[in-house]
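The structure appears right after this line, and notes come after that.
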Amino acid sequence: MTEDLDTLRDHLLGAIPAADSAEALEALRVEALGKQGSITQALKTLGKMTPEQRQSEGPRINGLREAVATAIATRKAALDRAALDARLASETRDMTLPADAPIAGTVHPVSQVMDELAEIFADLGFAVATGPEIEDDWHNFTALNIPETHPARAMHDTFYFPDGAAGTGEAPRMLLRTHTSPVQIRTMLDQPPPIRIIAPGRTYRSDSDATHTPMFHQVEGLVIDKGITLGHLKWTLETFLKAFFERDDIVLRLRPSYFPFTEPSAEVDVGYTIEKGKRVIGGSGGGWMEVLGSGMVHPKVIAACGLDPAVWQGFAFGCGIDRLAMLKYGMDDLRAFFDGDIRWLKHYGFSSLDVPTLSGGVGA
Ligand code: DAH
């Protein structure tokens, strides 16, 4: 027995480090530690031994078992490492070589629609304005005639920053802007009228389902001048939507509504028809779809920005960009917009070389 164990030890501890593949190593493991393995069998002999024999043989057999298990683990790690090295070596790629197939990214539909909007409104004399996504309470709400106690605040599902310094008179309470409307305020404070701007950008609300994501995109429009009327608003929106949907048969319906920052306020629906079982914007035989909120800028908002509402009037509108993209390009789940799935982007994305122009067609 003693010699047998020594022979076994020499054999196994010699063969294991020399095993040249995972399969060879596994065969040795089964040979030694498997159900019928030599060490397993040796352990079974312990039961038939005298207590004295067991006392001397037990530690030897168990010691061998441990030594063999350790040797197998060590060899396995070395083989795994070698296999990984071989894989890494065979899969190297020379990034300086020219691509044999064009690796082109695509323009996300949201970026595409933003470019289309900028192009359409630039043609109408609008500049693009921006504002911070981390806003303070005053620009996002108070200056827009939504005071602290206003129910509209609850409807906005606002993400507030934790310091909660509201009402302390110290640092202003910060939040993620819930709409692009604060850019109206920043623009009026920044530059003298006349003003014609659109402000596309990210907005945030604590909301999530097939048509709402916590981050989404809006575009704000603002015109401040003398003698501005609802007629200017309607014409502008009609001209915009015709250019955007690239159809002349766009029909708008202005429904009286309420927003704290406009008076009067109107929600704008666009008519659709059913073609081959699908809703297509244009005409109104199929029904109406709400596309944006708008109105004449409230005198209080104009005054909050230091302008005299008796002299200056204007209109404003706000519109969901993601929704515009869905309506124009036919996606039905908003959440997919932000999954970053390359297959979705390949399908719905746009060529970066196809810049929207009014003459070439804004729809790419
Ligand atoms: N800010 C509004 C919202 O997010 C949308 C809106 C409505 C903007 C009317 C406007 C407006 O400028 O006049 O729900």
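The values are calculated or read from the model by the stated rules, or taken from the named source; none is laboratory data. Predicted model, so just to flag it, every value in this text is computed and none were measured. Cβ: placed from backbone, ideal geometry, glycine included. Neighbour counts: every protein chain shown.
Assorted remarks:
- Listing of strands (runs of 3 or more DSSP E) fully contained in the range 251-364 that carry 1 or more residues being among the polar types (S, T, N, Q) and over 30 Å from residue 186 (Cβ atoms): 262-275
- Residue 325 fulfils the conditions (1) within 16 Å of the ligand (Cβ to nearest atom); (2) within 21 Å of residue 221 (Cβ to Cβ); (3) not acidic (Asp, Glu) except for a single criterion, (1).
- With respect to the conditions (1) within 30 Å of the chain's Cα centre (by Cα); (2) free of Cβ contacts under 8 Å to residues at least 60 places away in the same chain, residue 181 lacks only one, and its number is (2).
- One residue stands out in the range 197-250 among those that are of a type in the set (A, V, I, L, M), surrounded by 15 or more Cβ atoms within 10 Å (Cβ to Cβ) and assigned to a helix (DSSP H, G or I): the one that is farthest from the ligand (Cβ to nearest atom), namely 243.
- Of all residues assigned to the range 315-325, at least one qualifies as being in contact (Cβ under 8 Å) with a residue 24 or more places away in the chain, closer than 22 Å to residue 119 by Cβ and of a type in the set (D, E, K, R).
- Residue in the range 145-161 that is among the aliphatic types (A, V, I, L, M), crowded, with 20+ Cβ neighbours inside 10 Å and either under 24 Å from residue 292 (Cβ atoms) or within 12 Å of the ligand (Cβ to nearest atom) (or both) present: yes
- Residue among 263, 275 that is among the acidic types (Asp, Glu), surrounded by fewer than 18 Cβ atoms within 10 Å (Cβ to Cβ), assigned by TED's automatic domain parsing to the domain that holds residue 218 and free of Cβ contacts under 8 Å to residues at least 24 places away in the same chain: 275
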